[in-house]
Amino acid sequence: MKKLILAVLLYFSFSVSASASGGLMGTGQIQNMQSAYGGWLIFMSGTNANPDTCPQNIVFLDPSMPQYKELFAVLWTAQIAKTPINIYVAGCNAPGYKLLYFVVTG
């Protein structure tokens, strides 16, 4: 019984910590986009929060994202139009960049 309770407590502690990671960076404009590591580095102005405390405070659009092409199109359009956006990041990749999860416009 003790093992079962311990297993349940461990499960909930891991699920809570995983759901608490990530967050919105704050509204800003895209200053620059650079091709790197097969994806894109996105340099932002504005608050630029780092909720997962990644070593590199730069956003990375990973090419393995399910909507990679659509996200790239939104980011590129926002950069050209100088439209403020808010990026939700979740986790860090191997080189230490913040991983883009989704984009909020408007």
Original post:
Quick one: in the range 49-74, which of the residues that are out of contact with any strand residue (DSSP E or B) (no Cβ under 6 Å at 6 or more places or on another chain) and among the polar types (S, T, N, Q) is nearest to F102 (Cα to Cα)?
Top reply: Q67
**OP:** From (1) among the charged types (D, E, K, R); (2) outside any helix (DSSP H, G or I); (3) at pLDDT below 95, pick out the condition that doesn't hold for K98.
**Re:** (3)
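If you go through the range 34-41 one residue at a time, do you hit one that is within 19 Å of K82 (Cα to Cα) and exposed (fewer than 12 other Cβ atoms within 10 Å of the Cβ)? Don't jump to the end; show me each part of the working.
So in the range 34-41, the residues within 19 Å of K82 (Cα to Cα) come out as 34, 40-41.
Then keep just the ones that are exposed (fewer than 12 other Cβ atoms within 10 Å of the Cβ); that gives 34.
Yes, the range 34-41 has at least one match.
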**OP:** Residues being part of a loop (DSSP other than H, G, I, E, B), within 13 Å of the chain's Cα centre (by Cα) and without any contact (Cβ under 8 Å) to a residue 24 or more places away in the chain: count how many of those fall in the range 37-87.
**Re:** 2
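Yes/no matrix, rows are residues, columns are (1) surrounded by 13 or more Cβ atoms within 10 Å (Cβ to Cβ); (2) modelled with pLDDT under 90:
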residue: L4; (1), (2): no, yes
residue: S17; (1), (2): no, yes
residue: G23; (1), (2): yes, no
residue: Q31; (1), (2): no, no
residue: D52; (1), (2): yes, no
residue: P84; (1), (2): yes, no
residue: A90; (1), (2): yes, no
Subject >> Boolean, T77 is over 13 Å from V89 (Cα atoms), loosely packed, with under 15 Cβ neighbours inside 10 Å and out of contact with any strand residue (DSSP E or B) (no Cβ under 8 Å at 6 or more places or on another chain) >> reply: yes
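The values are calculated or read from the model by the stated rules, or taken from the named source; none is laboratory data. All figures in this text were calculated on a predicted structure; none of them were measured in a lab. So basically every Cβ, Gly included, is an ideal-geometry build from the backbone, and we count neighbours across all protein chains shown.
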